[in-house]
Amino acid sequence: MKDSSTPSFRNAWEAVLSQVRARMDPEDFRRWFGTTAYASDSGDQISVWASSEAIRRHVVSHFQRYIDDALEALDRADTHVRFIVAGTAEDEDEET
């Protein structure tokens, strides 16, 4: 039987976003995270789609601490979040 006090998430990125959202102004959260989307979770890496390189850069440079704190709170401190810009070839992608 599932504990109704524990929120359920469709994927790991949704769980991270739940933690990040609680620390941010709603409009800023929507602006910077609203266009991100879960891609995959290999256990040690969560891949997330970002709609543009500008969004990816801003999220990494301004909110990486929030993401790291969220991963720690979710017992995933050893997990890395990798942002992939939609439409960017794999060899052009800068890993973060």
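Throughout, read-outs are computed from the coordinates displayed, never taken from laboratory work. Note that this is a predicted model, so its numbers are computed, not measured. Note that each Cβ is placed from the backbone with ideal geometry, even for glycine, and that neighbours are counted across all protein chains shown.
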So for R0 = 22 Å, FRET eff. of M24-E53 from the Cβ-Cβ r, to 0.05, ends up at 0.55
Under a 5 Å amide H to amide H cut-off, with H placed in plane at 1.01 Å, what residues pair with A39 once short-range neighbours are removed?
S47, V48, W49
